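Inspection log for the structure reproduced underneath, given as structure tokens.
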Amino acid sequence: LKAQVHSTKTGVEEAARDGHFGPVTHLDFNRAASTLSDLMLSCSMDWTVKLWSQRQSEVPLASFETSKDYVFDAKWSPVHPALFASANGSGMLDLWNLNADLEVPQARAKVSSCALSALQWVPGGRRILVGDARGRVHLYEVAVEFAVPRANEISRLENRVTELSELAALSAAPSHA
């Protein structure tokens, strides 16, 4: 991901971030909690989903690399601050909970024998629409234990982001040999 903003207007700055090794296919900001609105997901044809913080890091906070094909879409849950879904070219739908695990998705479903090209959460966060390369739209019910956040999910994710930001800052710092 290399993002740049150019403007001659006051208050707009240029920012660039390198993070993917292939075309970026989708970007999505977290809307479930105002304190987490700086968190962004990017997905790419490099088979990854990356987590970014616009406030705390110039490098990705985390990289999710379990896909075996291009990742065409990734979207945050509209109600659960730590939950997002991703869809890939192998026809797989993954549900990730950042408060539970950063290494493997919490749930995975083989939706289609062809690529999944689009995701859209239904506003209540209990269902997700998935589009595939053959023009079909699939509707999936998300289990309550995944979809409904517990009372402490926001604070847990804020703590997780702080930890990831500290690690990202260490990895971005120049090494002195």
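None of the figures in this text is laboratory data; all of them are computed from the coordinates on show. Values in this document were obtained by computation on a predicted structure and should not be read as measured data. FYI the Cβ positions are ideal-geometry reconstructions off the backbone, even for glycines, and counts take in every protein chain you see.
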How big is the charge dipole of the range 41-140 about its Cα centre, in debye rounded to the nearest 20, if each Lys and Arg gets +1 on its Cβ and each Asp and Glu gets -1 on its Cβ?
420 debye
Taking a cut-off of 20 Å between Cα atoms, list the aspartates and glutamates near Lys75, but don't count ones fewer than 8 places away on the same chain.
Asp28, Asp38, Asp46, Glu65, Asp94, Asp101, Glu103, Asp132, Glu141, Glu145, Glu153, Glu158
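Given R₀ = 25 Å, what would the calculated FRET efficiency be for Phe21 paired with Arg55, taking r from the Cβ atoms and rounding to 0.05?
Given R0 = 25 Å and the Cβ-Cβ separation, E is 0.50.
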27 Å tail of the calculated P(r), the chain, as % of Cα pairs
26 percent
Once the Cβ-Cβ distance between Val122 and Leu167 is put in as r, and R0 is 35 Å, what FRET efficiency do you end up with, to the nearest 0.05?
0.55
Considering only DSSP states other than H, G, I, E and B, which GluC sites (Glu not before Pro) in the range 98-170 qualify as loop sites with at most 14 other Cβ atoms within 10 Å?
Glu103
Net charge around Glu65, counting only other residues with Cβ within less than 15 Å of its Cβ (Lys, Arg = +1; Asp, Glu = -1)?
-2
Quick numbers on the range 94-177, Rg and Dmax over C-alpha atoms in Å, give 17.3, 55
When only C-alpha pairs under 8 Å and at least 6 residues apart count, what is the relative contact order of the chain, in percent?
15 percent
Distance in nm between pseudo-label sites at Val137 and Val104 (7 Å out along the Cβ direction from Cα):
3.4 nm
Rounded to the nearest 0.05, what FRET efficiency is calculated for Glu65 and Ala151 with R0 set to 41 Å and r the Cβ-Cβ distance?
0.85
Once the Cα gyration tensor of the range 16-98 is diagonalised, what are the square roots of 5 times its eigenvalues, in whole Å and ordered largest first, as equivalent ellipsoid semi-axes?
19, 16, 9
